[in-house]
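For reference, the structure is listed below as structure tokens.
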Amino acid sequence: MGVPHRTAVSPPGLFSALKLISRILAAVVGGYLLSAGLITLAAMALGFTMAQSEAVVLVSMLGFLLYLAVLLWSFAERRLWRVWAVTAGGAAATVGLALWLAPLLAG
Amino acid sequence: MGESFRQSMTWLHSWAGVVIGALLFAIFWMGTLSVFDREIDRWMIPDTRLSTVAAPPSLDAVAAVAVGLVRPEHRAWLATLPTDREPVVKLFFQDSEDHFESRFLDPATMALLPEAGSWAASDFIFPFHYNLNLEWMHIGYWLVGILGMAMLVMLTSGVIIHHRIFTDFFTFRPGGKLPRSSLDLHNLTAVVGLPFHFVITLSGLIIFFSIHFPGVVPIVYQDKQADFVKEAYGVVQRDAAGVPGDLASLDAMRMRASELWSGGQPYFVRIWHPGDANSYVEMRRSFPDTVTMNLDAVYFDGPTGAILHTHTAKPVMTVQRFLSGLHFIQFEHWTLRWLYFVLGLSGCVMIAAGFIYWLESRRKRHAAQGLAGVRIVEGLAVGAVTGIVTATLAFFVANRLLPTGATVLGYERYALEIWIFYLVWLASFVHAWIRPGHAWREQGWTIAGLAALAVILNGVTTGDHLVRTLTEASWAVAGMDLALLAGASVAAFAAWRLRPRAAVSLSFKQPAE
Amino acid sequence: MSDWLLFIGILGTAYLGFALLALGQSKHRRTVKAADLKTPFRSAIPRCLGALALATSLALALLRDGPSFGALLWVTVLTAGAIAVAFTLAWRPKWLRPLAVCFV
């Protein structure tokens with residue numbers, strides 16, 4: 001089998017280092033907030049069909065697998081702007097929606 | 001599968017691996033040791049090398065001792081009851097900030113054992129595994145959480161980039177060049193151990209779901225967060241009355257709990273607001289023969305012994321407790337415990353072999369192009385792998401050498417052991433960076449020497465040398481000594497194989513048949 | 001006593017199962033210096049027997065320890081068995097030759 005062929009190494013330079021850091025931030029922080037936002041919405045929805053505490057535990061367990069998928073996608077997706085759009089944009093949308101909906105549902 | 005997808009996963013796998021491999025090894029190493037944390041405790045705290053008592057101790061007798069030690073600032077005291085692996089009663093005194101002081105009791109005589117003077121495995125090695133002993137603002141939990149997610153990324157990306165995962169399932173060619181044999185070993189331990197590595201990592205994250213996704217409960221429950229705790233964990237709370245009160249018989253309460261649990265026994269008893277008229281007793285059920293760490297609990301009124309509340313986990317929570325139980329392995333099953341230990345070691349080998357592959361596949365190129373990558377990463381790898389093992393053994397040796405009650409610069413004995421661990425670990429990185437090409441071998445010999453020394457010191461300082469522990473069936477101590485000797489042999493063999501010789505490439509090759 | 005026997009059975013059938021799976025692959029047959037299997041059908045035989053052995057291992061594990069412990073025991077033993085077969089092929093391939101020549 002031998003040693004696998006090397007990947008295309010990005011050209012050195014400040015610009016690509018910054019792009020890398022940007023991608024890592026989008027993936028790790030943005031992706032986390034996106035996952036957290038999605039599962040919070042899911043917990044609220046599932047609270048109508050099962051005990052609320054059960055819904056919270058269920059979505060939290062699945063949340064780790066969701067975050068894993070987001071992380072892998074963030075490094076596979078070629079275009080950096082898309083990564084930011086999905087993670088940060090999605091995080092803002094889902095967390096925002098959750099924060100807005102929650103007092104309405106609880107009250 | 002697109003080639004560029006595989007390329008990006010390859011890039012991710014090798015770079016993430018190099019950056020976080022050191023901490024991942026530390027977590028896996030400490031986790032593997034934690035499989036036998038109670039046995040290591042026996043070795044490091046000789047006063048607890050007691051034989052197991054057949055009958056559970058009287059809880060009222062335990063309470064009599066606790067009452068003498070509890071102080072007004074303690075809002076609760078609790079006792080964990082002896083098991084096969086932990087033959088002592090552990091008393092804890094909990095203050096209003098949930099700090100705990102602990103003392104141990106001999107369950108046969110109810111005598112207080114001397115202060116342990118060591119954090120040993122249960123309070124240093126095990127917490128290191130799940131929060132790197134970084135308590136401040138939960139930062140350790142977060143760091144381990146990120147590393148756990150990174151491990152899942154590593155496992156998944158590793159599977160994606162493995163070209164011939166089934167064809168190469170059993171492939172291990174130790175006789176050839178180091179890049180290939182280390183990659184083979186890395187792939188072997190990773191692929192055949194994949195169910196274990198993935199489930200262990202995911203279950204480790206799931207254990208701490210409320211720390212890692214802390215926003216869900218506050219947002220969903222708004223100002224009624226206590227409802228979540230009550231529904232999920234069945235926790236009862238009531239304030240102290242400020243008026244003195246008695247405590248009814250704990251043994252009678254235990255019998256009532258056992259009836260409710262169809263014969264199950266408590267492993268944990270906590271008395272809230274001791275001595276108060278509003279005191280109440282929390283009993284939690286043990287789980288020696290299930291994977292699931294049940295949340296069965298009974299709460300009793302302190303002065304009367306009346307049942308206040310009983311709790312059992314709901315179905316989804318039971319799944320979470322099953323997955324947690326897969327990770328914590330608190331059940332009694334020695335075969336599984338040893339298998340987990342072997343698989344944990346295979347995880348350590350996986351990470352170490354990954355490092356070695358990264359280094360060896362780039363060594364010539366970096367040397368030719370004058371790049372510093374291999375030099376820097378090699379120092380990191382040596383410190384991360386042989387370094388932390390050396391530091392752990394120094395921790396054991398220091399445990400045997402430090403006298404009782406020793407203090408230096410205001411640091412108590414248990415803290416001195418921990419200082420020695422970190423200082424030796426730091427020194428191993430320095431050694432690795434100033435002795436390139438020799439560090440692996442020299443640290444290998446150091447490990448062998450320290451491990452053998454630890455066994456000798458145990459015999460000398462406690463009298464429980466191997467002949468005695470094997471004949472007296474003192475399995476925890478004997479097991480630790482034997483494991484140390486086995487480790488010493490492996491380290492010595494590896495160091496000997498790495499001795500300088502004419503051939504440039506090193507290999508795992510055995511002498512020809 | 002029977003617990004121990006069952007465990008040896010669980011480990012043994014796991015090892016045997018993986019050995020059979022490995023010996024269904026031509027590269028490993030070459031390692032143990034056995035002749036290649038001529039047709040795909042002939043390579044399927046050790047593989048099927050291997051799978052059967054692994055299934056037997058699972059059955060024995062469930063018998064010994066019940067559903068949850070048994071399944072857990074099996075999964076962990078599988079890893080140990082697979083590593084053991086890989087190490088045998090790497091360092092003592094001749095030990096597997098008798099098994100390899102059962103299939104032609």
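Here are some notes:
- Note: relative contact order over chain A, using C-alpha pairs below 8 Å and six or more positions apart, is 41 percent.
- Burial ranking of peptide ranges C:26-32, B:144-150 (average Cβ count within 10 Å, highest at the top): B:144-150, C:26-32
- Over 30 Å (Cα to Cα) - which of B:Lys177/C:Lys27; A:Lys19/B:Lys177; B:Lys364/C:Lys94 fall in this group: A:Lys19/B:Lys177; B:Lys364/C:Lys94
- Using only side-chain charges placed at the Cβ, +1 for Lys and Arg and -1 for Asp and Glu, the dipole size of segment B:372-513 relative to its Cα centre rounds to 520 debye.
- Seen from B:Ala451, the other residues with C-beta closer than 14 Å to its C-beta sum to a net charge of 0, counting Lys and Arg as +1 and Asp and Glu as -1.
- Label-point gap, in nm, between C:Arg30 and A:Arg82 - each point 7 angstrom along Cα→Cβ: 4.1
- Separation in nanometres of the label points that stand 7 Å from Cα toward Cβ, at A:Ile24 and B:Arg256: 5.8
- Across peptide A:64-76, the mean count of Cβ atoms from other chains lying within 10 Å of each residue's own Cβ comes to 5.
- Virtual paramagnetic centre 7 Å along Cα→Cβ of C:Trp4, amide N under 11 Å, in segment B:459-473: none
- Cross-link reach list, aspartates and glutamates versus B:Lys230, counting only Cα pairs under 20 Å and skipping chain neighbours closer than eight places: A:Glu54, B:Asp98, B:Asp239, B:Glu282, B:Asp296, B:Asp301
- Taking chain A as a Gaussian network of alpha-carbon nodes connected by springs under 10 Å, the highest mean-square fluctuation of the residues A:Leu18, A:Leu34, A:Leu97 belongs to A:Leu18.
- Calculated on the Cα set of segment B:169-235, radius of gyration then Dmax: 21.7, 65 Å.
- Per-residue ³J(HN,Hα) for segment B:449-464, Karplus 6.51 cos²θ - 1.76 cosθ + 1.60, θ = phi - 60°, Hz, x for Gly and Pro: x, 5, 4, 5, 4, 4, 5, 4, 5, 4, x, 6, 7, 10, x, 8
- The alpha carbon centroids of segment B:249-291 and segment B:306-368 are separated by 30 Å.
- Sites C:Arg47 and B:Leu345 - FRET efficiency at Förster radius 30 Å, r taken between beta-carbons, to 0.05: 0.50
- Global geometry of chain A, whether rounded, prolate or oblate, following the gyration tensor of its Cα atoms and the 1.5 cut on a/c: oblate
- Net charge dipole, chain A: roughly 520 debye, given to the nearest 20, about the Cα centre with Cβ charges of +1 for Lys and Arg and -1 for Asp and Glu.
- Lys/Arg +1, Asp/Glu -1 at C-beta; segment B:372-513 dipole; positive extreme among B:Ala451, B:Trp433, B:Val490: B:Trp433
- Cα gyration tensor of segment C:2-100 - equivalent ellipsoid semi-axes, whole Å, descending: 27, 14, 9
- Annotation for segment B:148-178 versus segment B:1-56: alpha-carbon center distance of 19 Å.
- Relative contact order [Cα under 8 Å, 6+ residues apart], segment B:372-513, whole percent: 27
- Cα-based helix-to-principal-axis angle, A:14-25 vs chain A, degrees rounded to 10: 20
- Three-way shape label, segment B:372-513, alpha-carbon gyration tensor, a/c 1.5: oblate
- The value given for segment B:78-236 is a Kirkwood hydrodynamic radius of 20.2 Å, derived from the mean inverse Cα-Cα separation.
- Alpha-carbon spread of segment B:185-339, three principal axes, descending order, Å: 66, 41, 24
- Helix C:40-91 and the longest principal axis of the C-alpha atoms of chain C enclose an angle of approximately 0°.
- Dimensions (Å) - segment B:65-166, Cα atoms, principal axes, largest first: 65, 33, 21
- With N as its number of residues, chain B has a Cα radius of gyration that, divided by 2.2 N^0.38 Å, comes to 1.08.
- Most fluctuating residue given options C:Gly66, C:Gly12, C:Gly81, as computed from a GNM of chain C linking Cα atoms under 10 Å: C:Gly66
- Rounded to the nearest whole Hz, the Karplus-based 3J(HN,Hα) values (6.51 cos²θ - 1.76 cosθ + 1.60, θ = phi - 60°) of segment B:123-139 follow the sequence 10, 10, 5, 5, x, 3, 4, 9, 8, 6, 6, 9, 7, 4, 6, 6, 5, with x at glycine and proline.
- Reported to the nearest whole Å, the Cα centre-to-centre distance from segment B:98-130 to segment C:43-104 is 42.
- J(HN,Hα) series, segment B:249-257, from Karplus relation 6.51 cos²θ - 1.76 cosθ + 1.60, nearest Hz, glycine and proline x: 5, 5, 5, 5, 5, 4, 5, 5, 4
- Taking only the Cα atoms of the protein assembly as shown, the ratio Rg/Rh comes out at 0.97, with Rh defined as the Kirkwood radius.
- Counted by Cβ distance under 9 Å from B:Asn294, the other residues give a net charge of +2, where Lys and Arg count +1 and Asp and Glu count -1.
- Residue mean of other protein chain beta carbons inside 10 Å, B:312-322: 4
- Sequence-distant contacts, meaning Cα pairs under 8 Å at least 6 residues apart, place the relative contact order of chain C at 41 percent.
- The mean number of partner chain beta-carbon atoms within 10 angstrom of a residue's beta-carbon across peptide C:54-60 is 0.
- Note on chain C: GNM, Cα springs under 10 Å; of C:Leu63, C:Leu11, C:Leu73, the largest mean-square fluctuation is that of C:Leu63.
- Cross-link partners of B:Lys224 among lysines, defined as those whose alpha carbon lies under 27 angstrom from its own and excluding same-chain residues fewer than eight positions apart: B:Lys314.
- Farthest towards the positive end of the charge dipole of the protein assembly as shown, among the residues B:Val65, B:Val408, B:Phe328, is the Cα of B:Phe328, using unit charges on the Cβ of Lys, Arg, Asp and Glu.
- Rounded to 10°, Cα long-axis angle of helix C:2-23 versus longest principal axis of chain C: 30
Every number here is computed from the coordinates shown, using simple stated rules; none is lab data. Here the structure is a predicted model, which means the values were calculated and not measured. Glycine gets a Cβ as well: all are built from the backbone with ideal geometry, and neighbour counts include every protein chain shown.
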